[in-house]
Amino acid sequence: MADAQLGRFWQNRGLDGIAREKQLLIDFLCSSAGGPLFYTGRNMLVTHKGMGITESDWAIFINHLQAALQEFELPEQEYAEVLAFIGSTKTDVVG
Ligand code: HEM
């Protein structure tokens, strides 16, 4: 949200909506990792369609993700698994 290029996606959004989106992101990741948890949000294509997320946005987002995973010192295997899973959502999110 604080990124100069990506910040536009979260401009003028209410705090409660942002909190809800954060919780849904957590739920989506937990559910996708096997849960047990029932994800009640929308799928990634429906959610992001029409937002105009570009290749360049995606590259910046991945850089932030890598920095976050490095900060939490994830073991190599989990680091690779998270990146691979997030990467698998790219075709639904970009465009
Ligand atoms: C550059 C990358 C991305 C941007 C700019 C972005 C932006 C957004 C924005 C603005 C929303 C709020 C939509 C709304 O309130 O209608 C949203 C929702 C969401 N995003 Fe992303 N997103 C990105 C990547 C991802 C990825 C990689 C994932 C999952 C691995 C993800 C998971 C979600 C989820 C679970 C929601 C909530 C779904 C729902 O409201 O039902 N996003 N995203």
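The values are calculated or read from the model by the stated rules, or taken from the named source; none is laboratory data. Please read all numbers here as calculations on a predicted model, not as lab measurements. A quick note on method: Cβ atoms are made from the backbone with ideal geometry, for glycine too, and the neighbour counts reach across all protein chains shown.
Applying a threshold of 7 Å to beta carbon distances and a minimum spacing of six or more residues, or different chains, the list of pairs starting in segment 13-31 at a residue that is within 21 Å of residue 65 (Cβ to Cβ) and ending at one that is within 7 Å of the ligand (Cβ to nearest atom) reads 18/10; 24/41; 27/41; 28/41. The single condition among (1) surrounded by 14 or more Cβ atoms within 10 Å (Cβ to Cβ); (2) farther than 15 Å from residue 84 by Cα that residue 25 does not satisfy is (1).
Give the residues of segment 46-77 that are under 18 Å from residue 31 (Cα atoms) and modelled with pLDDT under 95, sorted by residue number. If the condition is that a residue be under 18 Å from residue 31 (Cα atoms) and modelled with pLDDT under 95, then no residue fits. Checking each residue in segment 1-38 for being touching a helix residue (DSSP H, G or I) at 6+ places or on another chain (Cβ under 7 Å) and either under 22 Å from residue 57 (Cα atoms) or near the ligand (Cβ under 9 Å from one of its atoms) (or both) picks out 1, 3, 5, 6, 10, 18, 32.
Under the condition of being surrounded by 15 or more Cβ atoms within 10 Å (Cβ to Cβ) and more than 10 Å from the ligand (Cβ to nearest atom), the residues counted in segment 39-95 number 5. Taken over segment 54-95, residues that are on the phi > 0 side of the Ramachandran plot and among the acidic types (Asp, Glu) amount to 1.
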